[in-house]
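Notes for the one structure printed next.
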Amino acid sequence: MSSRIEQLIDEIEEYIESCKPKFMSSTEIIVNKDEIDELLRELRMKTPDEIKRYQKIISNKEAILNDARAKAEALINEATIHTNELISEHEIMQQAYAQANEVVTMATRQAQEIVDSATIEANTVRTAAAQYMEDMLSYLENIIVSSRQTAGANYESLLGSLKHYEDIIQNDRRQLRPIEDDIDMGALGGTGESGNIDVIS
């Protein structure tokens, strides 16, 4: 069963795939800011819970080792009790010593095998959990970097468009100035000595 964070990653991928491409571009898409923000917000909220869950799995290593140690101690205690019972019988003293040593040796070997097996299992669980979190965080980092780059490209495009229109407006204003100058000069040159304006019909 997949976790909610994996489901969110799938939803983000599906949403990106469903977005329309930007006009005249094969690499850029148009996204709804509210929708992508909502998905990323939930992803940020769920990520700490997922990390805690896998940290709990890793911490189970100590529980596994403690359980193995408890089983090992129980085996040794049982062997010791059995040894004391054998030793108490004088007529089979030598046989009791031999059997006791064999039981203790076997119990010690089994205890070591349990501890070794538990250590391997705990290390495997920890490595798998750590690798999963590393892969997941790397993928999230790639999504965030890609989103940031797309936002930066869109911002640069907007600045370019504004600069283009600014140049057009400035050019139009420069073209208007000669007309204004001609009107001013005509008004000055049309006045006679009496200050009246000559009208040419």
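The values are calculated or read from the model by the stated rules, or taken from the named source; none is laboratory data. These numbers come from a predicted model, not from an experiment. Because the Cβ atoms are built from the backbone with ideal geometry, glycine has one as well, and the counts that use them run over all protein chains shown. For the accessible areas, the whole protein counts, side chains as well, though only heavy atoms, and no ligand, DNA or RNA atoms are used. Shrake-Rupley method; radii C 1.70, N 1.55, O 1.52, S 1.80 Å.
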Tabulated pairs, region 24-39, first in contact (Cβ under 8 Å) with a residue 60 or more places away in the chain and under 16 Å from Ser157 (Cα atoms), second surrounded by 12 or more Cβ atoms within 10 Å (Cβ to Cβ) and hydrophobic (A, V, I, L, M, F, W, C), C-beta under 9 angstrom, 6+ apart or interchain
Glu28/Ala153; Ile29/Ile16; Ile29/Cys19; Val31/Ile16; Val31/Cys19
Keeping to region 100-142, report how many residues are surrounded by 16 or more Cβ atoms within 10 Å (Cβ to Cβ) and over 26 Å from Ala68 (Cβ atoms).
2
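Conditions (1) surrounded by 15 or more Cβ atoms within 10 Å (Cβ to Cβ); (2) in a helix (DSSP H, G or I); (3) not basic (Lys, Arg), marked per residue:
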position	(1), (2), (3)
Ile5	yes, yes, yes
Glu13	no, yes, yes
Ile16	yes, yes, yes
Ser25	no, no, yes
Glu42	yes, yes, yes
Thr47	yes, yes, yes
Asp67	no, yes, yes
Ala74	no, yes, yes
List every residue pair whose Cβ atoms lie under 8 Å apart, where the two residues are 6 or more positions apart in sequence or sit on different chains, the first residue falls within region 152-171 and is within 17 Å of Glu28 (Cα to Cα), and the second residue, located anywhere, is open to solvent by less than 90 Å² (accessible area, probe 1.4 Å).
Ala153/Glu28; Asn154/Glu28
